[in-house]
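Here the structure is laid out as structure tokens; the discussion comes afterwards.
The values are calculated or read from the model by the stated rules, or taken from the named source; none is laboratory data. For clarity, every value in this text was computed on a predicted model and none was experimentally measured. Here the Cβ positions follow ideal geometry from the backbone for every residue, glycine too, while neighbour counts run over all protein chains shown.
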């Protein structure tokens, strides 16, 4: 049909679709990052070896704008690897652990088999980080997925009717506000009435549109719509097309 909008054009006008898509785009990386950390944490817990380390120094890395956003309490410790090599590591620890980590004191440390340089104090874990990111990802996707699905389904319905729907004259019955707001501007909808091929009357509401477009119409004015031949209650407002 000449003048029929593309699917992409209709999709760009669907706030539900692109809000849902944005939520999914944000949620998937969050979930994947959390899942990656969870797998790494699981692997570390399964394969890590324990060893006793000695505190050789401790310091405070104060927060500075543009460098680090919070103060870190650092403990520098040394331990012997299975092959006899001396390994030294500096690790940020909770304040309570830092306060009790006197120089010369022994710490329990875990390290990855075959890679002693990958170590951490025994009670340090990244599980909270992993679970938080996975949860955020799931929440974003749980909200965005249904929005994107229903927005995409409605966009496809409109796109199909623009091309295959039965053209019909429609009469405007009202101009009403919608629940959609774009850039602080509340979008409007056109309510209209039309008759199918059998003479049965149907009422429907257009997709949300800008006030400028909607107010080109007034109650009682005639425009055009297209309805589904298999389901005459399903229609799309085409206006002057």
Margin query: For a quick check of your reading of the model, give me the residue pairs whose first member lies in the range 217-241 and is at positive phi, whose second is buried (at least 19 other Cβ atoms within 10 Å of the Cβ) and outside any strand (DSSP E or B), with beta-carbon atoms closer than 9 Å and at least 6 apart or on different chains.
Written below: 239/206; 239/217
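Run down 73, 77, 62 and say which single residue is out of contact with any strand residue (DSSP E or B) (no Cβ under 7 Å at 6 or more places or on another chain) and at negative phi. Full working, then the answer.
Details: 73 fails: out of contact with any strand residue (DSSP E or B) (no Cβ under 7 Å at 6 or more places or on another chain); 77 fails: out of contact with any strand residue (DSSP E or B) (no Cβ under 7 Å at 6 or more places or on another chain).
Going through 73, 77, 62 in turn, the sole match is 62.
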Check: Quick check: anything in the range 193-212 touching a helix residue (DSSP H, G or I) at 6+ places or on another chain (Cβ under 6 Å) and in a strand (DSSP E or B)?
Finding: no
Notebook entry, point to check: Among the residues of the range 60-104, which ones are closer than 25 Å to residue 45 by Cβ and not in a strand (DSSP E or B)?
Noted result: 81, 82, 83, 85, 93, 94, 95, 96, 97, 98, 100, 101
Next item on the list: Return yes or no: is residue 187 in contact with a strand residue (DSSP E or B) (Cβ under 6 Å, 6 or more places away or on another chain), touching a residue at least 24 places away in the same chain (Cβ under 8 Å), under 22 Å from residue 14 (Cβ atoms) and assigned to a helix (DSSP H, G or I)?
Entry: no
Margin query: Return the pair list, or none, for Cβ contacts closer than 7 Å from residues in the range 42-66 that are modelled with pLDDT of 90 or more to residues that are exposed (fewer than 11 other Cβ atoms within 10 Å of the Cβ), at least 6 apart or on different chains.
Written below: 54/104; 55/102; 55/104
